[in-house]
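Below is one structure, written out as structure tokens; comments come after it.
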Amino acid sequence: MTIHENLRNAMTGMVAIRRDLHAHPELGLEEVRTSDLVARQLESYGYKVTRGLAKTGVVATLSNGSGRRSIGIRADMDALPIQEETGLDYASRIPGKMHACGHDGHTAMLLGAAKAIAERRNFDGTVHLIFQPAEENVGGARMMVEEGLFEKFPCDAVFALHNEPGLPFGQFALREGPIMAAVDEARITVNGRGGHGAEPQETADPVVAGASIVMALQTVVSRNIHPLDPTVVTVGAFHAGSASNIIPERAEITVGIRSFDPAVRDELERRIRLIAERQADSYGMTATVAYERSYDATINHKAETDLLRDLAIRFAGADKVVDLARPFMGSEDFAYMLKERPGSYFFLGGRTGENDRPLHHPGYNFNDDLLPVGAAFWTELTEHYLRGA
Ligand SMILES: [Zn+2]
Ligand SMILES: [Zn+2]
């Protein structure tokens, strides 16, 4: 049987699982129902299944032949705190939660591959299928790594993909080196002195100092960072006050910061702290800055990206494979798996051509036609990476 024949058989199952997961989304580290469904499926295919890494993470292992090579493939399982507005008959049944990033599709796709890999047993070595929780918030990948993922399940290389509704259907978009940015968050509190709006001279107005901070922050990227170092500083929230006749006590500013180079990342933090504190000081106030480092940048390794590219060209044709000229400024905690093991992360285009919504949009839906494409590719990759001598 060809891989495609195996997957034609698995297709109905994959779509059913994907839609079932879609109707029952669970947020990061709460994927109890999801991981139970995943584990049961994998057990029924004959995998040795380990549950409970990073609370709800699942790893499925299958060995064949006497080969000593091993490969890891990751899917993420968590949903987002978004109220779904797709109107689908299998739309989320949980208010305020939605699979708006397609992790339902990533999970179903890897399960389809799991089934085909087990049925065909056309490999020599060990495959570890890694189903991680909490990609969207607390870094389930990092938690799994810290709990000994690669000591318990040694992988010579690890791979992952993300669907991308903005790219043509079936397109493989890959990149050697940086592909996703590091992300940090600064929460700035401007401490003023409130009072009557008619007597500003008796107060210290944090709205004015805060506005000044927001404007001054725009100079960090343009004046402090090398023009060829990709960085973003976005003031995503500015909250202060309640009415025109009241000067509030404080203002709260939330800033999202993206970068690649660790030295640039340090410089961004230094400048943001300094600007917030000194701007506030110049208005006779103080600012406190809570600065939180979140995900590191996702950096693809050369050899594994070359391997992906070669295989993708054979699999889909050269016209379906692109090397991204630039990385994306979004972030991904697969970064932490790539810091431990060589590997590569790529995007799989999912555009339908009608009514496509971006990831994290309340109208987004994973394109089910990608299920056999992704599942077949993961199967090919496994069989290619673990081919016999
Ligand atoms: Zn997402
Ligand atoms: Zn995602």
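The values are calculated or read from the model by the stated rules, or taken from the named source; none is laboratory data. Not measured: the values here are computed from a predicted model. Here the Cβ positions follow ideal geometry from the backbone for every residue, glycine too, while neighbour counts run over all protein chains shown. To get the accessible areas, we keep the full protein, side chains included, count just its heavy atoms, and leave off ligands, DNA and RNA. Shrake-Rupley method; radii C 1.70, N 1.55, O 1.52, S 1.80 Å.
Once the Cα atoms are used to define both axes, helix 103-120 deviates from the longest principal axis of the chain by about 20 degrees.
Taking 2.2 N^0.38 Å as the expected size of a compact globular protein, what ratio does the Cα radius of gyration of the stretch 231-323 give against it, to two decimals? Numbers along the way, then the final one.
On the way: Rg = 21.9 Å, N = 93, 2.2 N^0.38 = 12.3 Å.
That works out to 1.78 for the stretch 231-323.
Excluding ligands, DNA and RNA, the accessible surface per residue across the stretch 284-389 is 43 Å² with a 1.4 Å probe. Solvent-free Debye calculation, one equal scatterer per alpha-carbon of the stretch 290-389: log10 I(q)/I(0) at 0.10, 0.15 Å⁻¹ equals -0.37, -0.81.
Tell me the carbon and sulfur percent of the accessible area for the stretch 256-317, rounded to whole percent, probe radius 1.4 Å. Kindly include the intermediate steps, with their values, before the conclusion.
Values: 1480 of 3010 Å².
Accessible surface attributable to carbon and sulfur in the stretch 256-317 totals 49 percent.
Counted by Cβ distance under 10 Å from LEU29, the other residues give a net charge of -3, where Lys and Arg count +1 and Asp and Glu count -1.
When the trypsin sites (Lys or Arg not before Pro) in the stretch 95-181 are filtered for DSSP coil states and for at most 14 other beta-carbon atoms within 10 Å of their beta-carbon, the remaining sites are ARG121. Taking the DSSP beta bridges with both ends in the stretch 42-146, the antiparallel portion is around 65 percent.
Sorting 252-263, 195-206 by their mean Cβ neighbour count within 10 Å, with the most densely packed peptide first, gives 252-263, 195-206.
Run the accessible area of the stretch 324-389 with a 1.4 Å probe and give the carbon-and-sulfur part as a rounded percent. Can you show the working numbers first?
Working: 1180 of 2630 Å².
Looking at the stretch 324-389 in its full context, I get 45 percent from C and S.
From the largest down, the stretch 156-197 spans 61, 30, 14 angstrom on the principal axes of its Cα atoms.
Computed extension gain for THR352 through HIS226, at 0.36 nm per residue and net of the alpha carbon distance, reaches 41.5 nm. Relative contact order, whole percent, for the stretch 275-360 stands at 34, derived from Cα pairs under 8 Å and 6 or more residues apart. Taken over the alpha carbons of the stretch 29-111 as equal point scatterers, the Debye sum produces base-10 log I(q)/I(0) values at 0.11, 0.12, 0.16, 0.21 Å⁻¹ of -0.37, -0.43, -0.69, -1.03.
When only alpha carbons are used to place a centre, the stretch 133-170 and the stretch 172-236 end up 30 Å from one another. Global dimensions of the stretch 96-190 from alpha-carbon coordinates: Rg and Dmax equal 16.8, 62 Å.
The angle separating the long axis of helix 32-44 from the principal Cα axis of greatest extent in the chain is about 20 degrees.
Considering only the Cα atoms of the chain, their convex hull presents on average a projected area of 21.1 nm².
Considering only alpha-carbon pairs that sit under 8 angstrom and 6 or more positions apart, the relative contact order computed for the chain is 25 percent.
Taking the 1.4 Å solvent-accessible surface of the stretch 98-182 as the whole, the part contributed by carbon and sulfur is 49%.
Please compute the volume of the convex hull spanned by the alpha-carbon atoms of the stretch 302-359 and report it per residue in Å³. Show your work: numbers first, answer last.
Values: hull volume 6.7 nm³, N = 58.
Taking the convex hull of the Cα positions in the stretch 302-359, it is 115 Å³ per residue.
As a size descriptor, the averaged projected area of the C-alpha convex hull of the stretch 200-247 was calculated at 4.2 nm². Our note on the geometry: Cα centres of the stretch 49-128 and the stretch 289-339, 19 Å apart.
Nearest 5 is fine: what % of DSSP beta bridges in the chain come out antiparallel, could you say? Don't skip to the end; give the middle numbers.
Numbers: 47 of 69 bridges.
So the antiparallel bridges in the chain amount to around 70 percent.
Candidate cross-link partners of LYS302 among the aspartates and glutamates, defined by an alpha-carbon separation under 16 Å and a same-chain spacing of 8 or more, comprise ASP156, GLU176, ASP310, ASP323, GLU340. For the chain, the 222 nm mean residue ellipticity estimated from helices alone, with every DSSP H stretch of n ≥ 4 adding -39500 (n - 2.57) and the total spread over all residues, rounds to -11000 deg cm²/dmol. Which whole-number percentage describes the relative contact order of the stretch 33-170, with Cα contacts under 8 Å and a sequence gap of 6 or more? Computed value for the stretch 33-170: 35 percent relative contact order.
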